[in-house]
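Inspection log for the structure reproduced underneath, given as structure tokens.
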Amino acid sequence: MAAIDAMDQTRQAISFAHLEALLEAVFLKAGAAAGVARILAENCAGCERDGALSHGIFRIPGYLGSMKSGWVDPAATPVVEQAGDSFIRVDAANGFAQPAVAAATALVIEKARQNGAAVLAVRNSHHFSALWPDVEPFARQGLLALSMVNSFPCAVAFGAHEPVFGTNPVAFAAPCDGADPIVADLATSAIANGDVQIAAREGKALPPDHGVDRHGQPTTDPKAVLDGGALLTFGGYKGAAISMMIELFCAALTGGKFSFEVDWSAHPGAETPHTGQLIIVIDPDAGRPSSHFAMRARQFVDRLEAAGASRLPGERRYRNRRQSIEKGILIRNTDLRRLQQLAGGAAAAKTRP
């Protein structure tokens, strides 16, 4: 949460169902349509459960600020458009991206199985979460999925002096025989913007070569990055090239806005980028025996582990997920009380285990 009592670090464990119901009540109280509230609550609770804290309940003030300011329509109805045999467009109608993706998911899966692949282009949308929750469900259906989303101007191109790119994350998910899907989710900025906000809140320094201040000078101070500064892309010009690709795919292709076109100055409190998202889904076993890809993926994973790979994509999230399911999700008492206040007394009472 944005405002916490630094002296109260005590936590308690609550179930995923409890947190999901509490967050759903928060979104409903803020004016979200029932379906939107349910989808956002599941997404946000899932991030908290899996240890993706920069995209969990930490994001609630940003969601609510965007809704309250009128920047986003929390009751928008997405419009699904079939642009081609395997090309689906969705106008999110200035709503959140997750309900727009959900509205087209069944059609995307159907077209991918029929034609071997499908493309989903979402525009006029607000994406404010991690990307792995968008792609993992496809992999659990035996499909390959690749997604990317642009953001708001907070990262500089290689050698540039002012931000044009967003954090511009990209994620993929692949089925793996006898195991959870392989899922990777990474920003093309050297660090996620949410992690910078958390560092600023907790008084921690950033690693070197992650950001610049408002004068374009390197800094490890997260507050300097947030106060008119900018993030750097990972890998220098290589990360910048990937970030440029994401801008083209998520704005020029989808019909959304480039990150540099996002301007919420007339909506104080808004934090959700109003941009676009692209998802590519592939049936990896089209035209050949089922599960061939998953078995090959498992062979590859086994070889990586035998070669000494210390950590594979998604491992930490799955480990946190198992622990949260077994022992509950640890939530700071200050955060829990704030969520209960936001949900309202009667609604919060219904969520108690």
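Data table
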| item | result |
| --- | --- |
| Backbone HN-Hα couplings from phi across the range 277-282 [Karplus 6.51/-1.76/1.60, Hz, Gly and Pro as x] | 9, 10, 10, 10, 10, 10 |
| Karplus 3J(HN,Hα) series, Hz, for the range 196-201 with 6.51 cos²θ - 1.76 cosθ + 1.60 (x for Gly, Pro) | 5, 5, 5, 4, 5, 5 |
| Relative exposure of Tyr318, Tyr63, Tyr237, judged by other C-beta atoms within 10 Å (fewest first) | Tyr237, Tyr318, Tyr63 |
| Geometric extent, Cα atoms of the range 174-270 - Rg, Dmax (angstrom) | 16.3, 51 |
| From the coordinates shown, Cα extents along the principal axes in Å corresponds to which of (i) 58, 52, 46; (ii) 58, 48, 37; (iii) 69, 43, 41 | (i) |
| Per-residue Cβ neighbour rank within 10 angstrom, fewest leading, Leu304, Leu40 | Leu304, Leu40 |
| Calculated [θ] (222 nm, deg cm²/dmol) that DSSP helices of n ≥ 4 give over the chain, each run adding -39,500 (n - 2.57) | -12000 deg cm²/dmol |
| Per-residue HN-Hα couplings for the range 287-302 [Karplus 6.51, -1.76, 1.60; θ = phi - 60°; Hz; x = Gly/Pro] | x, 8, x, 4, 6, 4, 4, 4, 5, 5, 4, 5, 4, 5, 4, 4 |
| Residue order, fewest to most beta carbons within 10 Å, for Asp73, Asp213, Asp185 | Asp213, Asp73, Asp185 |
| Summed side-chain charge close to Val164 - residues other than Val164 whose Cβ falls under 12 Å, Lys, Arg +1, Asp, Glu -1 | -3 |
| Gained length - Glu110 relative to Ala241, 0.36 nm times residue gap less alpha-carbon distance | 43.9 nm |
| Extreme residue, positive dipole direction of the range 221-270, given options Phe260, Thr233, Ala270 (C-beta unit charges) | Thr233 |
| Rg/Rg_globular for the range 223-272, with Rg_globular taken as 2.2 N^0.38 Å and Rg from C-alpha atoms | 1.37 |
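Bear in mind that the values in this text are calculations on the coordinates, not laboratory data. Model, not experiment: these values are computed from the prediction. FYI the Cβ positions are ideal-geometry reconstructions off the backbone, even for glycines, and counts take in every protein chain you see.
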